[in-house]
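Single-structure report; data block below.
No lab work stands behind these numbers, since they all come straight from the coordinates. What you see is a predicted model, and the numbers here were worked out from it, not measured in a lab. So basically every Cβ, Gly included, is an ideal-geometry build from the backbone, and we count neighbours across all protein chains shown.
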């Protein structure tokens, strides 16, 4: 008997309607509606026909929720549930600021201690890794062999780090993991 391997689709929201020179981790901004529709159509076409064995979770931030709803319109049988663990990093007081307004000294302090420094007084990367790891462990134990997370670039990078290194603390030089482009995805195997 052939055993299916669990697959996790890490789907990034469409392009947000904000200047990308701004820090917008947990900032709740909407995504481009037309790009969201295009991403939903592409995803609906790409997902294999294992609809009954599919679990869809999404970040509760608007830009991800939009894509989940657009996918539901195309595929009414899909049920997508919000999961706060799939949110982007919380940059605290940096949220909404231009990166050049934050300044090199603050960014350098974060880079020197990437894992434990909480940029803008928000959330450290280790805190984010721990919350994403909790969702990842649940995904591994899920009876569903195929899972879709509609999330953010940071979450996609965290999942890859966790699969390769567990909860080992990353250094700036190590944090070079790819992330899907807006409205795109990557697939990872969970076992």
For this session: Calculate how steeply helix 153-165 sits against the longest principal axis of the alpha-carbon atoms of the chain, using the helix alpha-carbon long axis, and give the answer as 0 to 90 degrees to the nearest 10.
Result: 80
Exercise. Out of 48, 170, 178, any idea which swings most in a Gaussian network model of the chain, alpha carbons joined below 10 Å?
Worked result: 48
Exercise. Relative to the longest principal axis of the chain, what angle (0 to 90°, nearest 10) does the C-alpha long axis of helix 33-46 take?
Worked result: 50
For this session: Please give the contour-minus-distance gain from residue 171 to residue 53: 0.36 nm per residue of separation, less the Cα-Cα distance, rounded to one decimal in nm.
Result: 38.8 nm
For this session: For helix 125-141, report the angle its Cα long axis makes with the longest principal axis of the Cα atoms of the chain; keep it between 0 and 90° and round to the nearest 10°.
Result: 10
Problem set entry | Distance in nm between pseudo-label sites at residue 113 and residue 98 (7 Å out along the Cβ direction from Cα) | 3.0
Seminar exercise, completed: Cα-based Rg then Dmax for the chain, in Å, read 16.7, 59
